[in-house]
Structure formats: structure tokens, C-alpha cells
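Chemist: Here you go, one structure.
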């Protein structure tokens, strides 16, 4: 009978595999067309695989936590109203023993099998391919796995279980090692303090937080960061937005935030100073003739993602606004596509959304600069007029620009930052959108 194989889709250049993070349905469940079945995660973005048509889920071929390649079948769907035989349910390649052919002299050929760990322990706990791979890499025997009580469904041994076992094993090994006599009178370096007990909670970083940590450390190691600051009087801009935002919502069905205005100002400044719109490749500077603006977006999980407004210099303020809102909404709903979070040439991060007045952002590699936008605050300020200086209440914000001092010197960084400020301070308040 007919069956539909649901595969890991192609997700952009350079992405060849994905982790199965969660099944949203169970075997035997009926699903509607376009209803999400499984959540997957790559090193770029999290996404969901929908049902191509209505039907019943006959079988899942991977377990949660497994890593599947692009093109692998992760589930089999039976169309509505049809049946399928058990013989038609294929077995995932990840369940098979990996084999390799080694050619020897005189046309002798042998087949070697990698050490195999059974898919179940003696007490019946399921061991996923990912767990078996970790066990093989860490030289964990089946006898040791038999001692584990899985925390997953039906006592399944999860990635967390095996990593915890390895951690405990290493700790016990260190405790059993004899203490060597000191060979130097120099003080030993301070070791990391380990905490345990009821008064602390140990939280393992999720996949995205590990990636963020890795990228931030890498950026600081690669680029010598310098940060410049400037105060910006955005009183006229605030008044203009307050005047047009309701009309804009009625006309376009979109909220008009400050972010699209910041994107537009940065785009104009990058055209004026194109050597900020570059990246570094060894001893070469790569100047981009296109402008793609990344906008750092906080997720409900507490993590961060940077969707990209492609060809921002070719869009009107209305077009930028619609794309900003769309990308931000889909980022928070975990609906972004891999291509939508890569290719940025400059990034903006809005610290003001959380009340911060300023900060020193870390460059989003391989870019060479990032702009942080602080909260808009009412402050007393000196107002220069032909009749003399006065003190007034103004809407002031602080812009901070971190830049890579390998290619962006203080003069260029300062001029670029000042130009962004000028575009915001001289915003056309007669503008209609």
C-alpha cells in the first residue's frame, strides 16, 4: 500500500545534518496536512517538519536526541483511509552496523565492522544511536550501560543519562588517583570551584546557548574590540513616531517601532562609509556591495538569534518595517528558515528594549562592527538657539559602536557613528508613510 516517507529537508548551504529534538506526535496519531510532526535543530536554527498531507503516523525511524543526515527518512506516514503492512516499514540506517571496505594488496578485500553496542540493555532499556555513538567514543561498555536506569520514556537511556554517567565515572577516577608530591614551591593555580548539594541547581547549557558561548568567545579572540559612544537627541523622531504610529497601524496593519528607523539610518551610513560594511579574510579586506542588516532578537527561552534583513538598502521604511516585524515574530515562534539567519554584513542590537542605556556589544563574526541602541530617556539638555542657549527636556539615547580595530580605526568608527546619529537627529518630521 501507499506510504509517504518524511525526510530531513535540505536546509541551506553547509548544513548536512540535524538533531531530532522532539517528536510532537506519537506513532498511530492522525495528523492534518502541514501539521508539525517533529522538531529538529541544526547549528544554525531550530525548525519543524510538517506533514506533507493528512494521514496516520505509522513509524518513527529515529529517537529523540539522534542525529540524522539531510535526506534521511525520519517517519513514515500512511495516507488517510489506507493501511500499510509491517513489512513496508523500513528500518533507519542509523540502526545498522556501520561497515567499511578496506582494500589490501593482491586484491584481498576484507570487511571490518565497528564495535557494536546492542540497541537495548539486558533490562530492556532502549539505547539510541546517539547514545551508542557516545558510549563507543568514550569506551563505555555494554556492561556499564546495563547499570544505567534510563530517565526517558520506557526507561530509554538519553544523552543526558550517558553524559552524567561519564562525568561521575571521571570524578571517581580522579578521586582514586594517588596524590603526587609537589615538585615546585610555586603556588598551584586556582582550580574551578565545584558546587553541589541542595542549595545549588546545576543547569546544563542547551544547544543554542553552547553555540552562543562558542561564537562570543571566538569573536573576542579573533577581533580586537574597540567601543565608541555618542549621545543622540531623538526628540523630533519620537514626536513624529507618536504622531504617525496609529495611522500606520490602520493603513499597513503593522506596528511601527523604532527598530526599522534605526535600520534605515544605519543603512544610509553604511553607504556613506562602505569600509564598515566589510569582513576580513587573512590579510584581505572583503568589501560588500550589498547591505544585509542583522537584528539581534531575544527568544522566550532566554537565548539570542540574529535574523537578517537582506538588501536593506533597496527597501523603503515601510518595507523594512514589515520585514522587521515578520522576522521578529517568526524568530520568537521558532519559524525561521536557515537562510534567514545568515549573510548579514552589519548587526544592530537593541539594549533599550530591556531598559539599558548603553553597552559594549560583541561583534557578530565575520562582520567588523555592531551597533547597540540604548533606551530613550527624557533628560535635561542644552539647546542651542540663535538667541542663546537654554535648558530643556529632550529625548536622549546613547548609541555604542563596537568595531574591529584591525580594519576600522577610531576615526572611521567615530565618523560612522556620528553619521548614524545625524540621520536620526535630522529625521524628516514631515515625512509621510
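Chemist: Evaluate the following for residue 334: is it touching a residue at least 40 places away in the same chain (Cβ under 8 Å), under 14 Å from the mean Cα position of the chain (by Cα) and either in the same structural domain as residue 258 (by TED's automatic domain parsing) or not in a strand (DSSP E or B) (or both)?
Modeler: Yes.
Chemist: Return only the number of the condition from (1) part of a strand (DSSP E or B); (2) in contact (Cβ under 8 Å) with a residue 60 or more places away in the chain; (3) closer than 21 Å to residue 274 by Cβ that residue 347 does not satisfy.
Modeler: Against the list (1) part of a strand (DSSP E or B); (2) in contact (Cβ under 8 Å) with a residue 60 or more places away in the chain; (3) closer than 21 Å to residue 274 by Cβ, residue 347 comes up short only on (2).
Chemist: Which one of 343, 392, 319, 355 is surrounded by fewer than 16 Cβ atoms within 10 Å (Cβ to Cβ), over 24 Å from residue 235 (Cβ atoms), over 22 Å from the mean Cα position of the chain (by Cα) and assigned by TED's automatic domain parsing to the domain that holds residue 300?
Modeler: 319
Chemist: Here is a follow-up. Could you tell me which of the residues 91, 74, 45, 38 is over 27 Å from residue 305 (Cα atoms) and either surrounded by 19 or more Cβ atoms within 10 Å (Cβ to Cβ) or at pLDDT below 65 (or both)?
Modeler: Numbers: 74 fails: over 27 Å from residue 305 (Cα atoms); 45 fails: over 27 Å from residue 305 (Cα atoms); 38 fails: over 27 Å from residue 305 (Cα atoms).
Residue meeting the stated conditions: 91.
Chemist: Ok, one more. Restricting to the stretch 8-20, name every residue that is surrounded by 18 or more Cβ atoms within 10 Å (Cβ to Cβ) and modelled with pLDDT of 80 or more.
Modeler: Matches in the stretch 8-20: 8, 18, 19, 20.
Chemist: Then there's this: Count, please, the residues in the stretch 225-274 that happen to be in contact with a strand residue (DSSP E or B) (Cβ under 7 Å, 6 or more places away or on another chain) and more than 13 Å from residue 324 (Cβ to Cβ).
Modeler: Here the count works out to 14.
Chemist: Additional query: Which of (1) modelled with pLDDT under 95; (2) assigned to a loop (DSSP other than H, G, I, E, B) is the odd one out, the single condition residue 339 does not satisfy?
Modeler: Going through the list (1) modelled with pLDDT under 95; (2) assigned to a loop (DSSP other than H, G, I, E, B), residue 339 breaks only (2).
Chemist: Looking for something out of contact with any helix residue (DSSP H, G or I) (no Cβ under 7 Å at 6 or more places or on another chain), more than 27 Å from residue 406 (Cα to Cα) and surrounded by 16 or more Cβ atoms within 10 Å (Cβ to Cβ) - is there at least one such residue anywhere in the stretch 220-231?
Modeler: Checking the stretch 220-231: not a single residue is out of contact with any helix residue (DSSP H, G or I) (no Cβ under 7 Å at 6 or more places or on another chain), more than 27 Å from residue 406 (Cα to Cα) and surrounded by 16 or more Cβ atoms within 10 Å (Cβ to Cβ).
Chemist: Just wondering, is there one or more residues in the stretch 107-118 that are within 30 Å of residue 168 (Cα to Cα), in a strand (DSSP E or B) and either modelled with pLDDT of 60 or more or not assigned by TED's automatic domain parsing to the domain that holds residue 160 (or both)?
Modeler: No, the stretch 107-118 has no match at all.
Chemist: Okay, moving on. Would a scan of the stretch 269-276 turn up a residue that is in contact (Cβ under 8 Å) with a residue 12 or more places away in the chain, more than 30 Å from residue 433 (Cβ to Cβ) and in a helix (DSSP H, G or I)?
Modeler: Within the stretch 269-276 (the criterion being in contact (Cβ under 8 Å) with a residue 12 or more places away in the chain, more than 30 Å from residue 433 (Cβ to Cβ) and in a helix (DSSP H, G or I)), the answer is yes, since at least one residue qualifies.
Chemist: How many of the residues in the stretch 291-317 are assigned to a loop (DSSP other than H, G, I, E, B), touching a strand residue (DSSP E or B) at 6+ places or on another chain (Cβ under 7 Å), within 18 Å of residue 279 (Cβ to Cβ) and free of Cβ contacts under 8 Å to residues at least 40 places away in the same chain?
Modeler: Counting residues in the stretch 291-317 that are assigned to a loop (DSSP other than H, G, I, E, B), touching a strand residue (DSSP E or B) at 6+ places or on another chain (Cβ under 7 Å), within 18 Å of residue 279 (Cβ to Cβ) and free of Cβ contacts under 8 Å to residues at least 40 places away in the same chain gives 0.
Chemist: Same structure again: Among the numbered criteria (1) assigned to a loop (DSSP other than H, G, I, E, B); (2) farther than 22 Å from residue 217 by Cα, which one does residue 364 miss?
Modeler: (2)
The values are calculated or read from the model by the stated rules, or taken from the named source; none is laboratory data. Treat the numbers as computed from the prediction; the structure is a model and nothing was measured. Please note: Cβ atoms are built from the backbone with ideal geometry, for glycine as well, and neighbour counts cover all protein chains shown.
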